[in-house]
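Below is one structure, written out as C-alpha cells; comments come after it.
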Amino acid sequence: MANNTGQKFGGRTKGTTNKDTAEIRNSFQLLIENNLKQLEQDLKALEPKDRVKAIIDLSKFVIPIMKATELNDVSGLSVEPITFTVIRSD
C-alpha cells in the first residue's frame, strides 16, 4: 500500500548525508592528497590545451557548478536599469 499521507516513515532525516557517499568522498580526497606531487607532474607533462582541460575537469570536484537562472517577469511591471554617473572633481 502506498504512503499517501505526505509523512516520511523511516530512512534518513532531511539533510543527513549518505554514509556511503561520505565514505567515498573521504577516500577520494585521501587519494588526491596522497598523490598531489604525481598529479602535478602528470599535469605538467600534458600539452597546454590538455592541461587546461584537465584542470577544468578536476575543478568540478572542488568548485560547485553554477546553474544558469532565468528571470521571468510575470508581474507586468517594466524594469528600468540603474545607471551611475561618475563625476570627477580633479
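The values are calculated or read from the model by the stated rules, or taken from the named source; none is laboratory data. A quick note: this is a predicted structure, and the numbers were derived from the prediction, not measured. No Cβ is skipped: glycine too gets one built from the backbone with ideal geometry, and neighbour counts run over all protein chains shown.
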Going through the range 34-90 one residue at a time, which ones are basic (K, R) and over 27 Å from the mean Cα position of the chain (by Cα)? R88
Grab the helices (runs of 4 or more DSSP H) fully contained in the range 1-70, keeping just those with 1 or more residues being in contact (Cβ under 8 Å) with a residue 60 or more places away in the chain and acidic (D, E). none
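Each row is one residue, and each column tells you yes or no for (1) of a type in the set (D, E, K, R); (2) modelled with pLDDT under 90; (3) surrounded by 11 or more Cβ atoms within 10 Å (Cβ to Cβ).
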site: K44; (1), (2), (3): yes, no, no
site: P48; (1), (2), (3): no, no, no
site: A54; (1), (2), (3): no, no, yes
site: K60; (1), (2), (3): yes, yes, no
